[in-house]
Amino acid sequence: TGPRYQLFENNCNHFCSDLCWALLRRRPPDWINRTAEKCARQNRLKHSKEQAQHARVRPQAIQLNG
């Protein structure tokens, strides 16, 4: 709930899956959360690319005249 809720990586389907496992020792079918898992992979890939791009852009050193 609140700030820990993540639509793709920690949603109500994940909760239901954990609950089913705790009660029945079975998980819901894989297709239940397949879309969220695909979106989470895309989101992680996007963030990795953004981080790599930011790492390549370095601010120029400030030169002081003394």
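No value in this document is a laboratory result; all are computed from the given coordinates. Source: prediction; values computed, not measured.
Here are a few things to note about the model shown:
- Our coupling estimate for region 3-17, obtained by passing each phi through the Karplus curve with A = 6.51, B = -1.76, C = 1.60 and θ = phi - 60°, is x, 7, 5, 10, 4, 9, 10, 7, 10, 4, 5, 5, 4, 4, 4 Hz, Gly and Pro reported as x.
- Computed over all pairs of different Cα atoms, the Kirkwood value for the hydrodynamic radius of region 1-52 is 12.2 Å.
- Under Karplus coefficients 6.51, -1.76 and 1.60, residue-wise ³J(HN,Hα) of region 31-40 in Hz, glycine/proline x: 5, 4, 10, 4, 5, 5, 5, 5, 5, 5
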